[in-house]
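Undergrad: Mind looking over this structure? Questions follow.
The values are calculated or read from the model by the stated rules, or taken from the named source; none is laboratory data. Predicted model only: the values in this text are computed from it and were never measured. All Cβ positions, glycine included, derive from the backbone under ideal geometry; neighbour counts span all protein chains shown.
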Amino acid sequence: MTERLQGFDYRSSPYHRPNQKWVCGRLADGECCLSGPDPKGRCGAGPQCAPARDGDRWRCTRGPLHGGPCDAGPQSDGSCGCITPPCRPRRSWRYRRKLVVRSTIAATLGLIILGVAGIWAGDMVQPGHLSAVHSTVADCSACHNAPGDSASGWLAAAFGQHPEFPSDTRHACLNCHDVGDAPLSPHSLATLPAVDDQQSGSLGPWPVELNRALFTTPSAPIACGSCHEEHKGVDADLRDVADSQCQVCHSQRFVSFNSGHPDFTDYPYDRRTRIVFDHASHLGKHFSDEAEQAPSSCSDCHTTAADGRTMEVRDFDQSCGACHAGDIAGDALAGPKGVAGLSVPGLDLTLVENIGQWPEFADGDLTPMTELLLSGDPAYADIRDTLADVDLLDLESASAEARAAASELAWQFKALVHAIQSDGSQALVTRLEAAMGRTLSADEQRRLTGLLPATLVDAAQTRWFPMLDTEIEARASGSAPATEALRPPSDDDAADDEGGDAVDDDEFDALFSDDGDEGFGDLFAEDSGDDGGDLFGGDIFGGGDDIGDPFADPEPEDSEPEVVTKSDEERMALGGWYLDEFHLRYRPAGHADPVLRSWTELATRQQGMEDWLDPRTPGACTQCHSLDVDASGATTAQWQGKRVAPTEHHFTEFDHSTHFSLLGDAGCETCHQIDNEAPYADSFDDRDPHNFASNFAPLNKAVCLDCHQPDQAGADCSLCHRYHVGDFEATMPRTTLAGQH
């Protein structure tokens, strides 16, 4: 007979046979299901029968070997009413013993072959070819914690017989690769940033979910080989990491970029721009009014960074200079075009006693630079507090203490001018170092003093305080000179000093007297002689030879060309110090003037210099360069647009250069849409860079999905996201590997 008397599979027989490879997962509990696993170990749980239609009713078709028709019967829709819950089948003990025997035989034969293979043993255990980037590694021990030339070395390493070997498999990669200060910590960060731990609506692939159910998030160091698998051939890309490897740790998971990936919210605008430039107002107003100055495309103002990751703003001359160079030069300013440095403060000279000569028409306040230089004297602090709410030009209601403080302020200012005149720029440096409490570098000294010319200080002293040396000596001897209002010399005084030809009142009346030889009266007299005569006498119309042709062209008169003298401010159009009445002013020398930049940076760190940061001051630095306050409360002027150093690595990165050929006619506007309703300019009223309204709408994920599909441009996590973040050099330095010569 060729037919078996009885079948030995679960479908044919309810009995357990020793020749079966798999047994039900509930066998140990005595609740083995009737269907059992199939020959490949897959659970057969599910409906116990397929109900059949019998007229208008459904009939259970479960066979006698499985208990016959069930009590529950079919459902109203014809589905089986008895569903066996699934389990995880296990290998039978007989099949396990079979696998152990086979494995032991294979291992024994392998060891015998390795033992007799000699010098070829290493090649026999080679797991595969290295990738192209590691193809120069000739010795296995350069990366692995075992000698690679003998099979015995690998066996000894497998059982921990080489504890003295210095390298470790997890750390061997770090001999060449720099991935931050905490290379084996998650994302190469010692401390991960706080994120919202939210579960998405969908879960990851089932192997990921099973892994997360069985194992917790790894807390031990993560080996490099966990993600970068070698020995897959010369064409293998070690940076190609499967999405499932990322999803093992991340609590917010999704199936793919197309299915489950959250929409972009603020990316990539995590802070306001460093340069104040309103795209909406420029494109909608300024460029429409001046079409010849308008850029033809975004690339006129922006250029790709060297690594392609970010877009950078071009230099001022290329992007902004055509329209804004005049703002820096002060062409649009109605007042002075230079910023006030050292200025004579205005005083009420009727109530300030014993200060010597003082310019009567000086009516300015203490400038930030003047006050900072005065604060280099420790005694100035008390004076400043006393005069905090006092109007120096009106001391009528001021106290005697305030008037005395005003007098002391005048002498301190004179002492400052005298020190600068005597010691030159070094006096400025000394005062600045005393005020700032630190030593200035040589470069800071040059920038903060602006190389103030000594001759200009001499001219200022002569105009402001002609008797300064004498007054300083008199006060030092205890006899301070009385207050004297000093007026600038008038034109009349200058003419008198030069013995000029000014005409007094008597001489002016004599010009029109009837008697006297020098008056004009005889010109109109009837009895005047031939030489005088009537002005309208016959000689004018008598045709005399001395008259000439009255219709002839007049002969040109010899005259010297008029000399047009420019003001000091106009003569310093290219930048530098100049004297303007009672101020020493500094005119910006174009964009990025080092003097204005240094004083602006100083103003952000020094109290009492807030006026210097006004965007309406000459130079207009803070009109375009934003002021940011960090977490410590320090204010910083942003001199450049966004710059990302090559050593700086972020979680999300985008390569602009690879996308330019795919954007089409829309160009950058494919992704970056201007939000005309956003209060962009208002964001800069607050110096918190993270409290802002972007000039652009958030990116639309649908734009990326046009190309980034699995069968097109790809949708892997590693396309946009980086695992290793931080500040490190992502290069491989020259390193001598073990075994190489």
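Undergrad: Looking at 339, 241 in this structure, which one is among the β-branched types (Val, Ile, Thr), closer than 28 Å to residue 185 by Cβ and either touching an Asp or Glu at 6+ places or on another chain (Cβ under 8 Å) or in contact (Cβ under 8 Å) with a residue 24 or more places away in the chain (or both)?
TA: 241
Undergrad: I want to confirm something. Restricting to the range 686-741 and keeping residues that are exposed (fewer than 15 other Cβ atoms within 10 Å of the Cβ) and at positive phi, which single residue is modelled with the highest pLDDT?
TA: 714
Undergrad: On the basis of being without any contact (Cβ under 8 Å) to a residue 60 or more places away in the chain, in the same structural domain as residue 576 (by TED's automatic domain parsing) and not in a helix (DSSP H, G or I), does residue 370 make the cut?
TA: no
Undergrad: I've got another one for you. Does any residue of the range 378-399 turn out to be touching a residue at least 40 places away in the same chain (Cβ under 8 Å) and within 23 Å of residue 601 (Cβ to Cβ)?
TA: No; the residues of the range 378-399 include none that is touching a residue at least 40 places away in the same chain (Cβ under 8 Å) and within 23 Å of residue 601 (Cβ to Cβ).
Undergrad: Considering only helices (runs of 4 or more DSSP H) fully contained in the range 63-166, which possess at least 3 residues that are among the charged types (D, E, K, R) and modelled with pLDDT of 80 or more?
TA: Result: 93-117.
Undergrad: Now for a different question. Being free of Cβ contacts under 8 Å to residues at least 12 places away in the same chain and acidic (Asp, Glu) is the filter here, so list the residues in the range 400-422 that pass it.
TA: none
Undergrad: Test residue 309 against the stated conditions and say whether it is among the basic types (Lys, Arg) and out of contact with any Asp or Glu (no Cβ under 7 Å at 6 or more places or on another chain).
TA: Considered against the rule, which asks whether it is among the basic types (Lys, Arg) and out of contact with any Asp or Glu (no Cβ under 7 Å at 6 or more places or on another chain), residue 309 comes out as no.
Undergrad: On the basis of being exposed (fewer than 15 other Cβ atoms within 10 Å of the Cβ), modelled with pLDDT of 90 or more and farther than 25 Å from residue 667 by Cβ, does residue 682 make the cut?
TA: Answer is yes for this residue.
Undergrad: Scan the range 378-398 and tell me whether some residue there is assigned by TED's automatic domain parsing to the domain that holds residue 431, surrounded by 15 or more Cβ atoms within 10 Å (Cβ to Cβ) and more than 25 Å from residue 583 (Cα to Cα).
TA: yes
Undergrad: Could you list all residues from the range 328-341 that are touching a helix residue (DSSP H, G or I) at 6+ places or on another chain (Cβ under 7 Å) and farther than 9 Å from residue 618 by Cβ?
TA: If the condition is that a residue be touching a helix residue (DSSP H, G or I) at 6+ places or on another chain (Cβ under 7 Å) and farther than 9 Å from residue 618 by Cβ, then 332, 341 are the ones that fit.
Undergrad: Of the residues 42, 53, which single one is at pLDDT 65 or above and outside any loop (DSSP other than H, G, I, E, B)?
TA: 53
Residues checked against (1) among the charged types (D, E, K, R); (2) over 24 Å from residue 593 (Cβ atoms); (3) loosely packed, with under 13 Cβ neighbours inside 10 Å:
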position	(1), (2), (3)
431	yes, no, no
434	no, yes, no
440	no, no, no
451	no, no, yes
457	no, no, no
463	yes, yes, no
474	no, yes, no
479	no, yes, yes
483	no, yes, no
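Undergrad: Out of all the residues in the range 575-594, which are under 28 Å from residue 315 (Cβ atoms) and either at pLDDT below 90 or among the charged types (D, E, K, R) (or both)?
TA: The answer is 585, 587, 593.
Undergrad: Being crowded, with 20+ Cβ neighbours inside 10 Å and more than 27 Å from residue 613 (Cα to Cα): is that true of residue 411 here?
TA: Against the criterion (crowded, with 20+ Cβ neighbours inside 10 Å and more than 27 Å from residue 613 (Cα to Cα)), residue 411 does not qualify.
Undergrad: I would also like to ask the following. Residue 622 passes all but one of (1) without any contact (Cβ under 8 Å) to a residue 40 or more places away in the chain; (2) under 17 Å from the mean Cα position of the chain (by Cα); (3) within 26 Å of residue 298 (Cβ to Cβ); (4) loosely packed, with under 13 Cβ neighbours inside 10 Å; which number fails?
TA: (4)
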